[in-house]
Amino acid sequence: MNAILKFILLAIPYFFMVLGIGIYNRVNPTLGGWPFFYWYQLVWIFIAAILTSVVYLLERKDKNLGTGGA
Amino acid sequence: MGSFALEDYVIFFVIVIGVLVAGFLAYFWRKPKTMEDISEWGIGGHRFGTVVVWFLLGGDLYTAYTLVAVPGLASSSGALGMFAITYGIMIYPIVYATMPRMWNVSKRRGYITAADYVKDRFSSRSLAMLIALTGVVAEIPYIALQIVGIKFVMESLAIPATIGLSIAFLLVAGFTFFSGLRAPALTAIIKDAIIWAAVIVIVIYVPIKLGGFAHMFQSAAAINPITVKLSPSLELGYVTLALGSALALFLYPHAITGTLGAKNTKTIRRNSALLPLYNVLLLFVAIIGIAAVVQRGSLYPSSLSSLAFPDVVLKMFPSAFTAFAFAAVVVGSIVPASIMALGSANLLTRNVYYEYINQKASSKTQSWLSRFLVIAIIVLALLFSFIPVASKDIIFLQTFGGAFILQTLPAVYLSLYTRKLNKWAVGAGWLVGLGSALYFLFEIAFASSLYKPLDFIYIGILSLVLNLATVGIGMLIFYLTGKVKNEGIIWDSEFQDFEK
């Protein structure tokens with residue numbers, strides 16, 4: 001798979017975590033009583049895992065990755 | 001509550017002793033032809049599959065330090081404690097990008113440590129030694145942190161802390177001596193089962209008892225608004241601390257050791273996608289710190305913050321569960337201490353002893369030296385943990401180490417992508433990075449790892465920027481004088497996956 005696409009998918013969380021601080025450091029809107037600061041990060045745990053999984057699945061489709069050598 | 005009956009002690013000791021025994025029995029697990037081989041003893045012979053590697057690497061993120069220090073930070077500094085989650089989110093994309101390359105080259109050339117790789121990449125055993133020693137220096141406070149993390153548990157159980165800790169950790173040294181990486185791998189599985197069970201019970205029960213999450217957050221906000229959002233002046237410190245810690249984690253010797261234990265790169269990639277799920281529990285662990293604030297009715301002073309987690313458990317649960325949860329904390333410190341000591345011992349054996357003292361040392365000699373070094377390192381960490389000042393603010397201990405280990409990033413991560421980096425440029429960057437980190441820490445009297453004069457930026461990141469700038473200037477000089485060339489003896493193709 002395209003190295004640039006892979007890089008972008010893996011880099012996305014860093015933009016939202018590092019540069020996004022001014023946006024997510026807030027209390028409202030709350031979700032089920034959770035301050036935004038908390039539930040935003042809970043959501044990002046899953047988004048980040050999904051992004052990495054997507055890279056893995058795309059790479060695996062390209063070629064049979066890293067099964068040898070054992 | 002808070003007083004313990006005989007059966008509570010039985011629960012506690014059965015779990016802790018059971019895990020210690022499992023560490024010794026790990027010697028027989030997937031037993032190789034010989035254990036007198038540095039690769040078999042030190043990295044389990046590249047044998048572990050997705051499940052074992054999950055526990056082995058998950059063990060790094062989810063330790064006694066996590067259970068004690070993260071709620072502790074939340075209890076004294078509120079939302080700042082969430083840095084552990086932001087950090088957790090940013091760990092794995094880096095792992096996905098770098099560690100398969102590291103594994104491939106290590107498998108092809110028989111590397112046991114990151115410094116082994118640095119030596120060949122730059123054709124420089126001196127640079128390799130600097131990287132190795134940085135790793136050891138950063139790792140020892142991390143081990144001490146595991147020990148300090150359980151001191152409070154021992155004290156609440158009225159077990160004499162110095163004797164109890166010494167016995168427990170000498171047994172850890174003992175099982176690592178015998179079983180090598182197999183010991184933390186096997187015990188990590190048991191440890192995680194116990195910790196997950198304890199944490200799930202706590203995070204379900206405590207918010208209910210405090211009137212639900214919504215009510216708990218409201219009460220916390222009424223006590224102090226920094227529990228629900230960061231003070232704006234700490235935003236830069238928060239994100240740089242999280243980013244710096246994420247970049248640092250897989251530069252630590254123990255993380256590389258765990259990674260090299262994997263049987264193939266598919267195992268590493270899969271785990272990079274799966275391990276982030278650990279962060280969900282980590283988030284709830286941080287919230288335990290907020291629960292502690294609500295229960296106490298005020299923020300914890302930072303000198304008492306390590307008591308936040310034990311306080312919540314002691315005050316809100318029957319003593320039998322408390323004994324179980326405390327056993328989880330103790331077990332959570334044993335597994336990481338084992339793999340950390342092992343990773344450091346491998347560095348000293350391979351990149352100092354073998355390289356500089358005895359190049360004729362056989363794999364057998366190396367494996368024996370590493371074994372004795374494991375014991376020496378754990379004893380050193382024990383002594384370190386008994387220094388009174390170290391037991392305060394224990395989370396900062398790790399961030400000091402993190403600031404130092406971060407300075408090995410150009411040598412270890414950057415070099416995975418280019419053969420052009422010159423050892424002098426990287427070495428100068430390391431010197432500037434380490435020197436400046438020490439200077440900044442001195443300037444603020446080692447009170448924190450956030451640098452107040454510059455908007456509370458994390459010192460590790462500040463020094464890394466200076467480090468990278470030095471590497472850049474160095475490379476520019478080499479470029480202008482026409483001296484940029486391919487360095488070292490590793491071919492680019494050696495980073496690629498093995499053909500099926």
For this session: Working only within the range A:3-45, note down all residues that are more than 7 Å from chain B (Cβ to nearest Cβ) and assigned to a loop (DSSP other than H, G, I, E, B).
Result: A:G20, A:N28, A:P29, A:T30
Exercise. Can you tell which of B:A428, B:A403, B:A469 is farther than 23 Å from B:L145 by Cβ and surrounded by 15 or more Cβ atoms within 10 Å (Cβ to Cβ)?
Worked result: B:A428
Exercise. Exactly one of (1) over 20 Å from A:Y38 (Cα atoms); (2) more than 21 Å from the chain's Cα centre (by Cα); (3) surrounded by 21 or more Cβ atoms within 10 Å (Cβ to Cβ) is unmet by B:M154. Its number?
Worked result: (3)
For this session: Taking the options B:I461, B:I477, name whichever one is of a type in the set (V, I, T), within 14 Å of chain A (Cβ to nearest Cβ) and assigned to a helix (DSSP H, G or I).
Result: B:I461
Exercise. Residue check: is B:F498 touching a strand residue (DSSP E or B) at 6+ places or on another chain (Cβ under 6 Å) and over 28 Å from B:W424 (Cβ atoms)?
Worked result: no
Exercise. Being basic (K, R), assigned to a helix (DSSP H, G or I) and modelled with pLDDT under 90, is that true of even one residue in the range B:208-216?
Worked result: yes
For this session: Filter the range B:202-238 down to residues that are of a type in the set (S, T, N, Q) and more than 8 Å from chain A (Cβ to nearest Cβ) and give me whichever is surrounded by the fewest Cβ atoms within 10 Å (Cβ to Cβ).
Result: B:S233
Problem set entry | Unique match (being at negative phi and either modelled with pLDDT under 85 or not in a helix (DSSP H, G or I) (or both)) among B:L145, B:L165, B:L234 | B:L145
For this session: Please verify whether the range B:95-102 includes one or more residues that are part of a helix (DSSP H, G or I), facing another protein chain (nearest Cβ under 10 Å), touching a Gly at 6+ places or on another chain (Cβ under 8 Å) and farther than 30 Å from A:F37 by Cβ.
Result: yes
For this session: Identify the single condition in (1) surrounded by fewer than 20 Cβ atoms within 10 Å (Cβ to Cβ); (2) under 16 Å from B:I17 (Cβ atoms); (3) within 16 Å of the chain's Cα centre (by Cα) that B:I163 does not satisfy, given that it satisfies every other one.
Result: (3)
For this session: Could you run through the range B:239-263 and say how many residues are within 11 Å of chain A (Cβ to nearest Cβ) and out of contact with any Leu (no Cβ under 9 Å at 6 or more places or on another chain)?
Result: 4
Exercise. All but one of (1) surrounded by fewer than 18 Cβ atoms within 10 Å (Cβ to Cβ); (2) within 22 Å of B:Y252 (Cβ to Cβ) hold for B:S344; which doesn't?
Worked result: (1)
For this session: Among the numbered conditions (1) out of contact with any Lys or Arg (no Cβ under 8 Å at 6 or more places or on another chain); (2) of a type in the set (V, I, T); (3) modelled with pLDDT of 90 or more; (4) over 30 Å from B:I226 (Cβ atoms), tell me where A:I12 comes up short.
Result: (4)
Exercise. Taking the range B:108-151 on its own, how many of its residues are surrounded by fewer than 22 Cβ atoms within 10 Å (Cβ to Cβ) and within 14 Å of chain A (Cβ to nearest Cβ)?
Worked result: 3
For this session: Can you run down the residue pairs with Cβ atoms below 8 Å, 6 or more apart or on separate chains, where the first is in the range B:465-491 and without any contact (Cβ under 8 Å) to a residue 60 or more places away in the chain and the partner is surrounded by 17 or more Cβ atoms within 10 Å (Cβ to Cβ) and assigned to a loop (DSSP other than H, G, I, E, B)?
Result: B:G474/B:N422; B:M475/B:L421; B:M475/B:N422; B:F478/B:N422
For this session: Filter the range B:287-336 for residues that are farther than 14 Å from B:V153 by Cα, touching a Leu at 6+ places or on another chain (Cβ under 8 Å) and small (G, A, S) and give the result.
Result: B:G289, B:A291
Exercise. Failed condition for B:M90, given (1) in a helix (DSSP H, G or I); (2) surrounded by fewer than 23 Cβ atoms within 10 Å (Cβ to Cβ); (3) touching a residue at least 40 places away in the same chain (Cβ under 8 Å), with all others met?
Worked result: (2)
Problem set entry | Subset of the range B:279-289 [within 9 Å of another protein chain (Cβ to nearest Cβ) and in contact (Cβ under 8 Å) with a residue 40 or more places away in the chain] | B:N279, B:L282, B:L283, B:A286, B:I287
Problem set entry | Filter result (surrounded by 10 or more Cβ atoms within 10 Å (Cβ to Cβ), within 14 Å of another protein chain (Cβ to nearest Cβ) and farther than 21 Å from B:A425 by Cβ) within the range B:480-494 | B:E494
Exercise. B:K266: over 30 Å from B:G212 (Cα atoms), in a loop (DSSP other than H, G, I, E, B) and basic (K, R), yes or no?
Worked result: no
For this session: Identify the single condition in (1) within 11 Å of chain A (Cβ to nearest Cβ); (2) farther than 30 Å from A:E59 by Cβ; (3) buried (at least 24 other Cβ atoms within 10 Å of the Cβ) that B:P71 does not satisfy, given that it satisfies every other one.
Result: (1)
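The values are calculated or read from the model by the stated rules, or taken from the named source; none is laboratory data. All figures in this text were calculated on a predicted structure; none of them were measured in a lab. Neighbour counts run over all protein chains shown; Cβ positions are idealised from the backbone, glycine included.
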